[in-house]
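Take a look at the structure below.
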Amino acid sequence: GLCYGIWVYPCFTREQNEQMQLIAMQEFGISGNRIYVDKQSGKDFERKNYKKMVRRLKKDDTLVVKSIDRLGRNYDEILEQWRMITKEKQAAIVVLDMPLLDTRQSRDLTGTLIADIVLQLLSYVAQTEREFIRQRQAEGIAAAKQNGVKFGRKPMERPDCFDSLKAQWLRGELSARTAANQLGITHSTFLRWVKEYNG
């Protein structure tokens, strides 16, 4: 069967992760036209190229992934993708970061059982790690806010000529758009500033 690879970034830094995964796929012997790339964050998991690659998978083909979290965002999704590829498609999966998860070598009952147990354990660990990171981030943000740390962009300073332009706008001598252009800001920002500084 044919060999396909999938990689996803960002994970570490975009360039580092892309390069590491590409090298791993090439060293495995997968040709460039059978390597599929999905570029997205954890929130956006559409995976168009992954879906395209799965549609092309046939019986006895092999899917190569760097790590199991490339198969899904959470425990259930990883297990569902694994089941669909190995059972429905009857293709093999090789997880480069975990040699035990190589279904090419485990077609017998014992090998399949070991792979399934390892998969479930690692999928669970992957999900709990992500949840732990999210929890730590939330706790860190809450603690920082309690200590007076401000999040988000710093408000733009109002230029000295703002009051004069606002007064001209209020008298109907110029439009909000013209005033905004002179200040180098957007029309909506000018109107917001007027509302905020209503004095």
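A few notes on this one:
- When you filter the chymotrypsin sites (Phe, Trp or Tyr not before Pro) in region 127-180 for DSSP loop state and at most 14 other Cβ atoms inside 10 Å of their Cβ, you are left with Phe151.
- Electrostatic bookkeeping for Leu122 treats Lys and Arg as +1 and Asp and Glu as -1; over the other residues with beta carbon under 10 Å from its beta carbon, the sum is -2.
- Sparsely packed loop sites in region 116-166 (the trypsin sites (Lys or Arg not before Pro) outside DSSP H, G, I, E and B with at most 15 other Cβ atoms within 10 Å) comprise Lys150, Arg153.
- Taking amide hydrogens as placed 1.01 Å from N in the peptide plane, the amide H of Val64 sits under 5 Å from those of Tyr4, Gly5, Ile6, Val94, each at least 5 positions away in sequence or on another chain.
- Across region 126-143, rounded Karplus estimates of 3J(HN,Hα) from the backbone phi angles (6.51 cos²θ - 1.76 cosθ + 1.60, θ = phi - 60°) give 4, 5, 5, 5, 4, 5, 5, 4, 4, 5, 5, 5, 4, 5, x, 5, 4, 5 Hz, Gly and Pro being marked x.
- A 1.4 Å probe run over the protein chains yields, for region 158-199, 66 Å² of accessible area per residue, whole-number rounding.
The values are calculated or read from the model by the stated rules, or taken from the named source; none is laboratory data. Small disclaimer: the values here were computed from a predicted structure and weren't measured. FYI the Cβ positions are ideal-geometry reconstructions off the backbone, even for glycines, and counts take in every protein chain you see. Only protein heavy atoms, including side chains, enter the accessible area calculation; ligands, DNA and RNA are left aside. Shrake-Rupley method; radii C 1.70, N 1.55, O 1.52, S 1.80 Å.
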